[in-house]
Structures are given as structure tokens and as C-alpha cells.
Amino acid sequence: MKVKLKGILLLTLLAGACSSGTSAVAISYADTLFTQDYSVKYFADKNQPGTSRRAYANREGNVQVLTADGLKRPFNGHFLYPGDLVDDQFYRFMTAKQLVDMAVCRGEFVYLDARVIFSNAWSGRLYVEHQLANPTAFALNDSFAFLVTDGERVHFIRDNAVKWRGTVPGGNVQQVISHPTDSAVFFLLTPECIYRFSEIANHVEKIHEGSGFTSADVDARNNLLIVGTSEGYFRFGLANGKIQGELQKKLPWPHIGVVKVLDGKYWFGTDRGAFAVRSDGKIDYYAGKRWLPDDQVMDIESGVGQSVLLLTRSGLASIHFKPMTLLDKAQYYEQQVRERHIRNGFNATLTGLDDGDLSMGYLGDSDNDGLWTSLYLAAEAFRYATTGEQQALDNSKESLDAMARLYDINPVPGFPARSFERRGSGDTRSMLSDPERWQLSEHPDWYWKATTSSDEAIGHIFAFGVVAELINHRDIREKAIRLIDTLMGHIVKNDFYLVDYDGQPTTWGRWNPEYVNAFPTSVGDRKLNSSNIIAMLQTAYHFTGKSIYKEKAFDLMNNHGYLENLMRPMSEIGKAPENSDDWSQMLSGAWNHSDDEMYFAGYWGLYRYAFNDTLKAKYKEAILDHWEAERPEKEGAWNIFTAITGTENFDREEAIWYLQEYPLDLIQWTTQNSHRQDIIPLPPNFRNQTIETVLPPDELKISRHNANRFILDGGSDGKAENSAGDIWLFPYWMGRYLGVIDAPVGK
């Protein structure tokens, strides 16, 4: 869908895929075009901040920015690779002009300087003296009518001559606005009044009086004037001269500085970013460096093609709106992962960035390299099972091999390392995350990371089960089954503990009844660990056929209450009683969203590989109970995961919304939303749901599936870029395999 510029893949359309035919879902999503937005940014000279005034695009697709230092133009910017605002020297003698304002007429740039209105288009013939000593602003229309002001005096120009002179009582005109469909009408805005100039009447009349007016534009479709104020905006009826409805205050930020009506949307610029109000009242918020050079928006105009220009103090953002399908988006993300997110087969984060500069990044290690790779491995297995693409098979083999090495790079039989990394020169462990956890491998070139946790273990078993079930290649399937048996053999042998190199159980790798049932029933770990270990044992039995796994599972369920534990309703999970031990109270202070990821990863083996139909029905009940608690987050992965039960309702539309709204830019930009006036805060609660309705993913910080989607503020100032492998490709390809999502027609 997008072009490749200077070797940078923005998006390509690849050959498509066939449907999986595996669905138990009655209605699937027909993958049709939706609008994907993304930003291309251009930065001004850091020594000249705050000088920007106007930004326009002409009919040739050229963009000019008017600043206090003359005309600038955007240069060499691409998605994720910002460009610069450079001096526009195309018309070299323009530097002699004292430009005050600019606009576009019939697709061409028109300028206001201290003496005249002029243009370089139309052979330079447009040249009209406005006869104002110190002009401040003007407006025009396609009939070559102009209204110019110096803040108090107003001159109307047509046919290359001043036809009318007048004044605005009290002066202080801050904006002149043309009517897009009535060439005889203009509007003038002061902080307290709105005036209308009519060429027919040759008269300026006051049509509304108030306070705090900052900017306005005409909604010609509805015959309204949209007026921004320091406290919100209102609609003013041009036919009846009355305000329509109330002052709109429930906005991302009500202190409006710029108003623009574009293609039926109301766009507003503030000192905290820009936002667009759609015709249905829904709001799209563009703030932070994912979208803008900075949040002080100075101007808004139509851009080239399907784009909008947002001019800020320190640069320009071109917000592009691209029609695409979910498959198109998947193909872009596949490239993103393969180009800069594979480390030794692991699905890794590109870290070490400075303000989002991808050229500075390196592939970092993580405490959960195994877990994030498990989700990517599952994604590629789902992709292969759905499409049969060789690339998906090759990607699966590579990541499965990385997962396998976690077991043989350390000396403990059956124990999976968290990660591995090269040693480098000297002792480089201080350069790795959690340096104290890294151990020397017998191989002279490698470290391995100890202290493996339960989230790693359940991720491994989930991914190995998916691979064993879906990839019908003998060597790959046998390898996955062997890894299931290796891990589960270790856990069973060690009495349901993960035992590390020091002979001690790891902090979190504990499923033993003595540990699990020591928790009060309200503590989530009792339910979670019971659910996970039964899923793991069922998976091991399903693929190995070894009776010990089945026997151990039924022993835990029948003699140690694990079935009762895993069936406990989510409504009963909360804080531990006050007299509980410190460990229980610490683990239950609030809901841990990592637990959601562990639960759902386990549900694959819990439900699909259930020992019998009676248990399967119970497991479905537990899954749907958990999903009900999760619904407010509109988490695409968990909604799609719930479809494995065959339920008719799993919030498919919300899952598609999640996939469509996730930003193409996965850099960890800092985002802020707690200041917003269009959200409804909730009182403190156990699940840390901060507001009534979750915000779209592209207005939040980049988060994996183990995060709380109700966190309003966060990010890391562009210091890293996440991989789409676990965040997006995992739910998408799972949805494709389960039949929740269809391939686009003809693909």
C-alpha cells in the first residue's frame, strides 16, 4: 500500500492467503478496506522554535510553511524517518518579500506581504496593492476576492482593486475567514465578537458577541460557523444567527487555538496536540511524538492526497490516511519484525534509540525472551496453517530452534533459560538486563539467563502445542513434542517446581499444592497456577500419550482442589484478607495484567486438549467468566482467544477495532491522557480501570498483552521500538486461523 523510499519499506501489497476453514465461529469479519493513519514528521531548525505561522499544500503536491524567517518546505521525510523544514529557495527572490500571511486559491499559493497580495502562479500576474500600512491577516476565495485587515481596518478587494474600506469597532481582529461556497461573504473574528462582511451590502455587521474566541471556520455543508474558544467550541447557525446546542467541553483539551473544517470533520489545534471530531461525535486525538514534532499546534490545513498538515512550534506533521486491509497491515508488520526485531531467532525489542532514531537501535535482551518469542512463534504457526506460506514455515523453524536452545544452553536437564546472549569482550553481563541473573554457558561465547518464571513456562507449552498441532512437518512436530515432554518432565520430576542451576525452585516457577493452596482463595495466583498446570499437563498428555501427565493432572484436580481452584469465578478474586501472610498480600494488592496473558495462553491447552467433554464444558465456563472480566479492556488477543470455545459472542467487533486502531508506529513514545476532558474517571478499583471506556490503542503507549490498557500516561520518550510479532501478528493470525477474520476477497 505504501511506497518504498530510500530502501525503507513503508508498506507493500503481497500475494494473499487462503482461508483456514477451521472455524467454529458462525460469523467472521470480511477483511475490507479501512482507513489507517500514520504520521510523517519534519523538524524545523532547533535554533528557531516557535516561528511557524501557516502551512499549505498546492495542487502540485508541494507544501510550503510560512515562518517569521520566510518560507520553508518539508524535505526528505518518510514514515518513522523524520525530515527537515528547509529554506524554500525555489523562487530565490522571495527572500526580499516581507511575508505576513499566505493562503491557497484555485490550488496555488497566494501571499500577503507588507504592500501587496501576489502569487508566483498565473505567470505572476496576480499583484494587488491592499493599501494597508501594516496588514496582519487576509482571506480569499476562488473568485479572486480578498478581505485584508490590519487588526482594525478592513479592505475588500476584487478585480485587482480595493472596492470597499471599513473598520471593525474596537479592532483586535485575529482571523479573517472566507466562506467556501459563497464568494461574497467573509467573517472576522475578535476575542469577543464575530463579524460578517457581505460584498452585496458592503458592510461589516456583528453577528455574535461573547468572550474567549480564538479561531473559527465554516462548515458549509451544515451552514454553520465552528468557533473555538479557550473553554471548548460551539456551532453557530449562519441562517438563524443562534448557537446550536451547548458549548462542547468534553474534549481531549478544551483550550482551542486553531479550528479547521476538513471533509466533514472538525479539526482543532491546542497546546496539547490536535484532535478531530467526526460526524458521529467520536474523537481522534493526535498528541505526542508518535504524531507531532511537539504538542503546540499552530495551524491545520489539507495536505497532499489523503493527508492533513499539522503545523507545530518546532515542525510539521503530515497525517496520512491510507485505505488498507488487515492483511495489508499484517504484511507491513511482518516486514517490521524481520527487518529489525529478530535476535538469534528471538522476537526482540529494538532498544537504545535516541528520540525514536531507528539508526541507533540494537536488539536488546529481555526477561521474557521466551514468552514474547512464544507468541510470535504461535503467530507464524497460525499463519502457516492458514496460508501455507514457506516464509511462515521458515520463521517458525527459526524461532522454534531459538526456543529449543534455551533448554540445551544451560546445564540443568529440562530447565529452560530465560534467554541467551553472546559474551562480547570481557565480562559484559553489566550491559544486559538483570546482570545478576546471567550465567556462563559451557560454550565459550555465550551467557544464559536463569530464574525462569511461570509466564515463560506457560508461553513455551502454548507455542509448542500450537506448532505440534498445526505444522504438519514431521521434524518440526517431533521437535515441538520433544520440548513439551522435556519441560513437563522436569516439572513433574521436581514435584511441580522449576528447579534452577542452584538446586532451588525459581521464585515464580511453582505449581506444587503446598505452594498453590497456601494462598487464600481470593488470591489470583491460586486460581492461575492451578489453571496453568492443568493446561500444561493436558498438553503434554495429548501429544506424548504418557499416562503420568494425565495421572498427575487428575491427582491435582481430585485430591488437591485444582479443578475447584481454576473454576473459581473472577468475581471472587481480589485482595487477600488482612491477616494473610505478606506474600499473599503483596501478590493481591491489585490485579496483575500479566496474569491475563498467562491465563489465556493456558486456555489453548486447557480447552482444546481437555481430557473429556465434561471437563471441556467446565473449562469453557471458566474461560467465559474470565473473558467477561476482561471485556472493558477490548483486548484484541483475548477476545479472539475466547473464540476457541465456539461461543457466539466474543466481542468480534472490538477485536477488529483493536487490530485496526493499533498504530503502525511501534516506537515507545511517551503519551499523556490524564489531562483529557473527554474521559470519565472511575474511583480506585482492584483491576485498576481508571476510566469508564478504554481509549484507542493509537492514543495510548505501546503495550504488550500483559499490560493494563487503562494506563493513561506512559512510554519511554522514543527509546525503543516494540516488535509487532507478539503485539499484533499474534492476535491477527490466530483470528485468521480460527476463522474470526477472513482473507480479503481475491486473496
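If one takes the longest principal axis of the Cα atoms in the chain, at what angle in degrees, from 0 to 90 and to the nearest 10, does the Cα axis of helix 454-470 lie?
Its long axis makes an angle of about 90 degrees.
Using Cα atoms only, what is the angle between the long axis of helix 474-493 and the major principal axis of the chain, expressed in degrees (0 to 90) to the nearest 10?
70
Relative to the longest principal axis of the chain, what angle (0 to 90°, nearest 10) does the C-alpha long axis of helix 369-387 take?
80
Of all the accessible heavy-atom surface of segment 352-424, with the other protein chains kept in place and a 1.4 Å probe, what percent is carbon and sulfur?
On the way: 1030 of 2350 Å².
Looking at segment 352-424 in its full context, I get 44 percent from C and S.
Evaluate the Debye formula for segment 603-721 with equal point scatterers sitting on the alpha carbons, no solvent, and hand back log10 of I(q)/I(0) at q = 0.14, 0.19, 0.21 Å⁻¹, in q order, two decimals.
Here the Debye-derived log intensity ratios amount to -0.68, -1.04, -1.17.
Helix-derived [θ] at 222 nm for the chain: sum -39500 (n - 2.57) over DSSP H runs of at least 4, divide by residue count, nearest 500?
After summing the helix terms and dividing by residue count, I get -8500 deg cm²/dmol.
Assign unit charges at the C-beta atoms only (+1 for Lys and Arg, -1 for Asp and Glu), then state the dipole size of segment 29-129 relative to its Cα centre in Debye, rounded to the nearest 20.
260
Would you calculate the separation in nanometres between label points at His78 and Asn685, each defined as 7 Å from the Cα along the Cα-to-beta-carbon direction?
Here the answer is 4.5 nm between the modelled labels.
Considering only protein heavy atoms, what per residue accessible area in square angstrom results for the chain with a 1.4 angstrom probe?
Heavy-atom accessible area per residue stands at 40 Å².
So if I place +1 on the C-beta of Lys and Arg and -1 on the C-beta of Asp and Glu, and nothing else carries charge, what would the dipole magnitude of the chain be about its Cα centre? I want it in debye, nearest 20.
For this selection, approximately 1560 debye.
In Å and on Cα atoms, what radius of gyration and Dmax does segment 189-264 show?
My reading of the Cα-based Rg and Dmax gives 12.4, 40 Å.
Within 14 Å, Cβ to Cβ, of Gln244, how many net charges do the neighbouring residues add up to if Lys/Arg are +1 and Asp/Glu are -1?
Net local charge, Gln244 excluded: +1.
Separation of segment 322-373 and segment 162-237 by C-alpha centroid, Å?
50
Pick out, from Gln677, His78, Ala161, the residue whose Cα sits farthest towards the positive end of the charge dipole of the chain, with +1 on the Cβ of Lys and Arg and -1 on the Cβ of Asp and Glu.
Ala161
Starting from 0.36 nm per residue, how many nanometres of slack lie between His203 and Lys265 once their C-alpha separation is accounted for?
19.2 nm is the gain from fully extending His203 to Lys265.
At 0.36 nm per residue, minus the direct Cα-Cα distance, what do Ala220 and Gln306 gain on full extension? Give it in nm, one decimal, please. All intermediate terms of the calculation are to be shown ahead of the outcome.
Working: separation 86, 0.36 × 86 = 30.96 nm, distance 2.01 nm.
Contour length minus Cα-Cα distance gives 28.9 nm.
Hey, any idea what % of segment 170-271's accessible area is carbon plus sulfur with a 1.4 Å probe?
Working: 1900 of 4410 Å².
Roughly 43 percent, rounded to a whole number.
How high is the relative contact order of the chain, given as a whole-number percent (alpha carbon pairs under 8 Å, six or more residues apart)?
On the way: 1661 pairs, mean separation 103.3, N = 747.
Once normalised by length, the contact order is 14 percent.
Considering the dipole of the chain built from charges on the beta carbon (Lys and Arg +1, Asp and Glu -1) around the Cα centre, which of Ile548, Ser454, Ile644 is farthest to its positive end?
Ile644
If you take Cα extents along the principal axes in Å from the coordinates, which of (i) 81, 71, 50; (ii) 82, 76, 50; (iii) 97, 52, 51 do you get?
(iii)
What dipole magnitude, in Debye to the nearest 20, does segment 527-666 give about its Cα centre under +1 on Lys/Arg Cβ and -1 on Asp/Glu Cβ?
On the way: 13 positive and 23 negative charges, 158 e Å.
About 760 debye.
Per the 1.4 Å probe, what fraction of the accessible area of segment 535-584, in percent, lies on carbon and sulfur atoms?
For segment 535-584, the apolar C and S fraction of the accessible surface comes to 45 percent.
Starting from 0.36 nm per residue, how many nanometres of slack lie between Thr693 and Glu628 once their C-alpha separation is accounted for?
Separation in residues times 0.36 nm, less the Cα-Cα distance, equals 21.9 nm.
Can you find, among Thr693, Tyr407, Ser318, the residue sitting farthest towards the positive end of the charge dipole of the chain, where Lys and Arg contribute +1 and Asp and Glu -1 at Cβ?
Ser318
³J(HN,Hα) across segment 426-438 via Karplus (A = 6.51, B = -1.76, C = 1.60, θ = phi - 60°), whole Hz, x for Gly/Pro?
Per residue, the Karplus-derived 3J(HN,Hα) values read x, 8, 9, 4, 5, 8, 9, 5, 6, x, 5, 8, 8 Hz.
The values are calculated or read from the model by the stated rules, or taken from the named source; none is laboratory data. From a predicted model like this one, the values you see are computed outputs, not experimental measurements. Please note: Cβ atoms are built from the backbone with ideal geometry, for glycine as well, and neighbour counts cover all protein chains shown. The protein model used for the area step is the full one, side chains on, heavy atoms only, and it has no ligands, DNA or RNA in it. Shrake-Rupley method; radii C 1.70, N 1.55, O 1.52, S 1.80 Å.
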